[in-house]
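Asks: Before we start, here is the structure in question, set down as structure tokens.
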Amino acid sequence: MTDPIADYLTRLRNAIKAKHRVVEVPASNLKKEITKILFDKGYILNFKFVEEGPQGTIKIALKYDPVNKVNAIKKLQRVSTPGLRKYTGYKDMPRVLNGLGIAVLSTSKGVMTDKEARDLKIGGEVLCYVY
């Protein structure tokens, strides 16, 4: 697999379009950190790390509005790819939907959102946008 993060985002996107309640993705440390960020920001309902086999999996419970069945995640967009990496400094940090969405960054201090990176005054690789 060339781009495991794009595969992770695509599995989430497909599960949302198919109105699934739970989606399973192969685990990695980077995917675990992105999942924790999505949970902390309220985009997913819950998650569980299952340590089975050589790699393990992440079970993610998707969050839907109880009234009109709309998902909390409107769009997942991969920014930096293996063929074209996108890096940013803290001064030109992207604002997703004027601050309503989040950009997930991989920095020297770990994986974090654009707001946390701006507060710590560190830049990094922009992995994806979520809103």
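Asks: In segment 1-103, carbon and sulfur make up what percent of the accessible area (probe 1.4 Å)?
Replies: That fraction is 52 percent.
Asks: Using every Cα-Cα pair within segment 64-131, state what percent have a distance larger than 14 Å.
Replies: Beyond 14 Å sits 58 percent of the P(r) for segment 64-131.
Asks: Right, here's the next one. Only helical DSSP H runs with n ≥ 4 go in: add -39500 (n - 2.57) per run for the chain, normalise by residue count and round the 222 nm mean residue ellipticity to 500 deg cm²/dmol.
Replies: Mean residue ellipticity at 222 nm (helix-derived): -7500 deg cm²/dmol.
Asks: Here is a follow-up. Counting other Cβ atoms within 10 Å, keep those with at most 16, restrict to DSSP loop, and tell me which chymotrypsin sites (Phe, Trp or Tyr not before Pro) in segment 30-104 are left.
Replies: Tyr90
Asks: State to the nearest 20 debye the size of the charge dipole of the chain about its Cα centre, where the only charges are +1 on K and R beta carbons and -1 on D and E beta carbons.
Replies: Charge dipole of the chain: 420 debye, to the nearest 20.
Asks: So for the pair Thr2, Tyr64, with labels modelled 7 Å out along Cα→Cβ, what separation do we get in nm?
Replies: 3.4
Asks: In addition: Sequence-distant or interchain residues sharing an amide H contact under 5 Å with Val79, placed H: which?
Replies: Cys128, Tyr129
Asks: Taking θ = phi - 60°, what integer Hz values does the Karplus form 6.51 cos²θ - 1.76 cosθ + 1.60 yield along segment 100-109, in sequence order, with x for Gly and Pro?
Replies: Listing the rounded values in order: 7, x, 10, 10, 9, 10, 9, 10, 5, 9 Hz.
Asks: Could I ask something else about it? Per residue, how much accessible area does segment 30-77 have with a 1.4 Å probe, in Å²?
Replies: 59
Asks: Still on this structure, I have one more. Let me check something: with ligands and nucleic acids excluded, how do Ser80, Ser108 order by accessible area (1.4 Å probe), largest to smallest?
Replies: Ser108, Ser80
Asks: Where does the charge balance sit around Thr10 when Lys and Arg score +1, Asp and Glu -1, over other residues with C-beta under 10 Å from its C-beta?
Replies: +1
Asks: Check Leu62: other-chain or 5+ apart residues with amide H under 5 Å from its amide H, H built from backbone geometry?
Replies: Val22, Val23, Leu45
Asks: Tell me, what is the percent relative contact order of the chain, built from C-alpha pairs under 8 Å that lie six or more residues apart?
Replies: 22
Asks: A further question follows. Check each of the trypsin sites (Lys or Arg not before Pro) in segment 6-74 and keep only those in coil by DSSP with at most 11 other C-beta atoms within 10 angstrom; list them in order.
Replies: Lys19, Arg21, Lys69
Asks: Based on Cβ point charges of +1 for Lys and Arg and -1 for Asp and Glu, what charge dipole magnitude is obtained for segment 1-50 about its Cα centre, in debye rounded to the nearest 20?
Replies: Result for segment 1-50 is approximately 240 debye, rounded to the nearest 20.
Asks: Also, I was wondering about something else. Just to be sure I follow: if Rg is taken over the C-alpha atoms of the chain and Rh is the Kirkwood radius over the same atoms, what is Rg/Rh?
Replies: 0.96
Asks: To continue, here is another question. Could you give each residue of segment 12-19 its phi-based ³J(HN,Hα) in whole Hz, using Karplus coefficients 6.51, -1.76, 1.60 with θ = phi - 60°, and x for Gly or Pro?
Replies: Per-residue couplings from phi come out as 4, 4, 5, 5, 5, 5, 8, 6 Hz.
Asks: For a quick check of your reading of the filter: which GluC sites (Glu not before Pro) in segment 15-59 sit in a DSSP loop and have no more than 13 other Cβ atoms within 10 Å?
Replies: Within segment 15-59, the qualifying GluC sites (Glu not before Pro) (loop, at most 13 other Cβ atoms within 10 Å) are Glu51, Glu52.
The values are calculated or read from the model by the stated rules, or taken from the named source; none is laboratory data. As the structure is a computational prediction, the values presented were derived from the model and not from experiment. Note that we place each Cβ from the backbone using ideal geometry, even for glycine, and neighbour counts take in every protein chain shown. Please note that ligands, DNA and RNA were not included when accessible areas were found on the heavy atoms of the full protein model with its side chains. Shrake-Rupley method; radii C 1.70, N 1.55, O 1.52, S 1.80 Å.
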